[in-house]
């Protein structure tokens, strides 16, 4: 009978689903527990990775780049631990303490934050009692890299030649052409506000004549040199958009505070020669000299200097760069390390056309002009190469040389001198012609910007300055 009962029990197929479920329950619970624990481990790893990212970035912020490696490492550790300690469910062993490596190479700092931790499992009994079963190991790392903003000596080289007396916009140019319609022939219907000491000596003038600059000032015509002075005022004197609202002075002072750097500035103008407005000093002090910027005066038309009336000329860009270069010492790295010196940056603002006396045809691509010893040409970039080879950087804001044709209220005035001697370098457009090409070649890589007639010189000048002065931090891994 017992044998029959066992046989009937073994051959009975009733409730087999329950039996199969009971048999499968153990592996199902095992898989469910493992999935939940693994998912929670991944979430904790994401949180720890974010903590490592934040720690690595914190160690290369501009203010931190000026601190020692130990301070940077301590800061990164504090940032990581403040976040890691708020993550529940991490095992005590291994503790989620980061390993921080800080490497400096000149002004550049690389920071790596790595960690090893373990996520406690919610199903340790099911998964086993071994150490590797009670917790799930997790690890990760983050690397950031940035270059500290350097201490910089800035040498502003500003074009004050007669061509900077052009109307600031096409409307200003057209108005000036109208206002000068009754001037003597050399200054008649002209979009330039020439600054003449003795306009009465112009051909056809009389003792009561005034120069075009006076007319522009009387009529409220804005000139390009006025825009330049406004731009410098924002750079040195007053800036309202500094992220640190306690800084009410210029862009330079704002960037100095934001980057935790020291800036000094010198101001020069140039025409036929170099003029010093302020030797190397604080930006605030240099800013007090902006009001001294004015157009180059000439005695009268075709006479730059009284008693030496050979021809008009007024712009020697290469000569100004050469003079500045001869006065500068070799630049340093710009760090705060003992014995180091600031970097040196020449900041040139010009319309890019030289107009100077040369010795002969070999010094000027235009033989006709060279024959009269006057040469108009784009900047010869050889002097730029000499300067950059010394490690001195060159930043250039090109105030585009306007194509002087089809101007005036009726678009019927074309400057014949421009067409003969400059237009060939200004085609097909001011931002793409030989003038622009040479200036861009002269500038250090990335330190060139152009602004068209009527454009926002103030914004262009500030944007270029900030670009040269700034450095940024980024995660590389």
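Odds and ends about this structure:
- Test: residue in segment 281-292 that is touching a residue at least 12 places away in the same chain (Cβ under 8 Å), over 16 Å from residue 155 (Cα atoms), touching a helix residue (DSSP H, G or I) at 6+ places or on another chain (Cβ under 8 Å) and buried (at least 18 other Cβ atoms within 10 Å of the Cβ): no
- Residue match in segment 195-204 (condition: in contact with a helix residue (DSSP H, G or I) (Cβ under 7 Å, 6 or more places away or on another chain), at pLDDT 90 or above and under 25 Å from residue 180 (Cα atoms)): yes
- All conditions but one from (1) in contact with a strand residue (DSSP E or B) (Cβ under 6 Å, 6 or more places away or on another chain); (2) part of a loop (DSSP other than H, G, I, E, B) apply to residue 67; the one that does not is (1).
- Single condition residue 295 does not satisfy, out of (1) in contact with a helix residue (DSSP H, G or I) (Cβ under 8 Å, 6 or more places away or on another chain); (2) closer than 20 Å to residue 358 by Cα: (2)
- Exactly one residue out of 242, 254 is over 30 Å from residue 186 (Cβ atoms) and not in a loop (DSSP other than H, G, I, E, B): that is 254.
- For segment 230-272, a tally of residues being surrounded by fewer than 17 Cβ atoms within 10 Å (Cβ to Cβ) and in contact with a strand residue (DSSP E or B) (Cβ under 9 Å, 6 or more places away or on another chain) returns 1.
- Test: residue in segment 273-281 that is assigned to a loop (DSSP other than H, G, I, E, B) and in contact with a strand residue (DSSP E or B) (Cβ under 8 Å, 6 or more places away or on another chain): no
- If the condition is being more than 15 Å from residue 452 (Cα to Cα), in contact with a strand residue (DSSP E or B) (Cβ under 8 Å, 6 or more places away or on another chain) and assigned to a loop (DSSP other than H, G, I, E, B), then segment 153-187 contributes 160, 161.
- Residue match in segment 205-220 (condition: farther than 30 Å from residue 307 by Cβ and either out of contact with any helix residue (DSSP H, G or I) (no Cβ under 8 Å at 6 or more places or on another chain) or part of a strand (DSSP E or B) (or both)): yes
- Matching entry among 216, 171, 147, 193 (being surrounded by fewer than 21 Cβ atoms within 10 Å (Cβ to Cβ) and over 30 Å from residue 341 (Cα atoms)): 171
The values are calculated or read from the model by the stated rules, or taken from the named source; none is laboratory data. Just so we're clear, the structure is a prediction, and the values are computed from it rather than from any experiment. Positions of Cβ are backbone-derived with ideal geometry, glycine not excepted, and every protein chain shown enters the neighbour counts.
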